Amino acid sequence: LHCTSQSASASQILSPVAMLASALSLVTPSLVTPAPGRVAPMQRSADVSMAAKDSVTAGQVAGMAAAVLAVGVQSASAGPFTRTDIASLTYQQIKGTGLANTCPVVEQVDGMKTEIKVGGNYKIDEFCLEPTSFQVLEEKLTKSGVVTEAVDTKVTTRQTYVLTGMEGDLVQKDGKLTFLEKDGIDYAPTTVQLPGGERVPFLFTVKNLVAQSDGATSSISPGLKMSGGFNVPSYRTGLFLDPKGRGTTTGYDQAVALPALQAGGDESLFKENNKKFDVGRGSIELKVTSVNAELGEFGGVFVQKQPSDTDLGSKVPKELLLKGQFFGTVVPN
């Protein structure tokens with residue numbers, strides 16, 4: 001009798017949860033299913049994987065259902081979106097969708113012009129780089145000798161690695177279109193993990209990028225290729241202290257636990273004790289695949305190569321190969 005009463009009470013307690021979960025499945029398909037033609041940001045490429053929540057408790061389901069039934073707010077499906085789409089969304093619709101970590105796409109209109117004439121004083125605005133593939137170049141010993149191969153990695157950084165809001169002058173030098181990057185969110189500390197578990201931190205950046213077209217031209221149209229180099233500042237800054245309290249502008253000169261080395265003999269720890277702010281060089285190639293001349297928008301794909309972190313000069317940097325999509329607008333300067 002006691003067991004029977006417990007079962008009855010349990011069914012009475014669970015029935016509201018079941019009812020709310022059923023209501024959720026009927027009311028909110030757009031919350032979990034992207035709109036046709038749109039995919040989740042991290043699903044654009046199978047090369048990049050991010051950690052995702054695998055389960056939802058009954059209490060969370062009930063809370064979500066109650067919120068939807070009471071408020072009726074629908075969040076945005078996770079991209080890709082055009083600038084017009086993004087401008088029409090509120091903060092609450094974007095929050096938690098991953099849309100803030102994506103670049104817009106060129107708005108497609110029937111009969112649109114696909115060539116942007118560049119003459120006079122113009123600049124590139126809202127320039128955005130969204131990597132979808134992160135690889136580390138490693139040397140591998142084979143029967144034919146040492147070869148370099150690109151090893152796929154897993155991103156361990158949260159979705160904060162997209163470069164956006166960048167701008168710079170668009171000029172002609174020697175008949176070639178030249179983009180001179182000047183300002184914007186042009187760096188993002190990022191970490192990836194190799195299959196063996198080793199983590200590789202690096203500063204994803206295009207600081208002071210100077211990119212030129214591959215031939216003489218005065219317009220931006222599909223098929224245009226641009227390439228150039230940029231600076232890669234140190235992943236660590238001057239105020240960073242390592243686990244032994246050593247740094248560049250602050251901290252100890254050497255490990256305090258090794259006082260005998262003050263008289264000399266610290267050659268083996270020279271790099272660890274003498275921190276330095278390394279500035280490397282990277283390169284990028286961009287190819288325009290879509291243009292909307294009426295809106296001044298253009299986008300395409302890019303391939304970028306840059307060094308990783310050196311831990312303030314104590315480690316040899318690895319080479320990273322990044323691939324993804326870019327977006328920008330051309331406006332009068």
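Before moving on, here are some points about what is shown:
- Hits in the stretch 219-259 - residues which are part of a strand (DSSP E or B) and either at pLDDT below 85 or open to solvent by 60 Å² or more (accessible area, probe 1.4 Å) (or both): LYS225, ARG246, TYR252
- Sole exception among (1) within 14 Å of ASN274 (Cα to Cα); (2) more than 26 Å from the chain's Cα centre (by Cα) for GLY238, by number: (2)
- Subset of the stretch 190-217 [closer than 20 Å to GLU126 by Cα and open to solvent by 40 Å² or more (accessible area, probe 1.4 Å)]: LYS207, ASN208, VAL210, GLN212
- For first residues located in the stretch 135-159 and closer than 22 Å to THR190 by Cα, partners that are part of a loop (DSSP other than H, G, I, E, B) and among the aromatic types (Phe, Trp, Tyr) and lie 6+ apart or on another chain with Cβ distances below 8 Å form the pairs VAL155/TYR161.
- Test: residue in the stretch 185-199 that is over 26 Å from PHE277 (Cβ atoms), free of Cβ contacts under 8 Å to residues at least 24 places away in the same chain and under 22 Å from the mean Cα position of the chain (by Cα): yes
- Single residue of the stretch 298-317 satisfying the filter (at pLDDT below 95 and of a type in the set (D, E, K, R)) that is surrounded by the most Cβ atoms within 10 Å (Cβ to Cβ): ASP309
- Check on GLN108, modelled with pLDDT under 95 and under 23 Å from LEU286 (Cβ atoms): yes
- Of all residues making up the stretch 119-146, the number that are of a type in the set (A, V, I, L, M, F, W, C) and under 22 Å from VAL192 (Cα atoms): 5
- Every residue from the stretch 96-152 that is touching a Leu at 6+ places or on another chain (Cβ under 7 Å), open to solvent by 30 Å² or more (accessible area, probe 1.4 Å) and not hydroxyl-bearing (Ser, Thr, Tyr): GLU107, LYS123, LEU137, ALA150
- Qualifying residues in the stretch 260-284 (those that are crowded, with 16+ Cβ neighbours inside 10 Å and modelled with pLDDT of 90 or more) - the one nearest to VAL301 (Cα to Cα): ILE284
The values are calculated or read from the model by the stated rules, or taken from the named source; none is laboratory data. In this text the structure is predicted, and so the values were computed from the model without any measurement. Don't worry about glycine lacking a Cβ; one is built from the backbone with ideal geometry, like all the others, and counts go over all protein chains shown. For accessibility, only protein heavy atoms count, side chains too; no ligands or nucleic acids. Shrake-Rupley method; radii C 1.70, N 1.55, O 1.52, S 1.80 Å.
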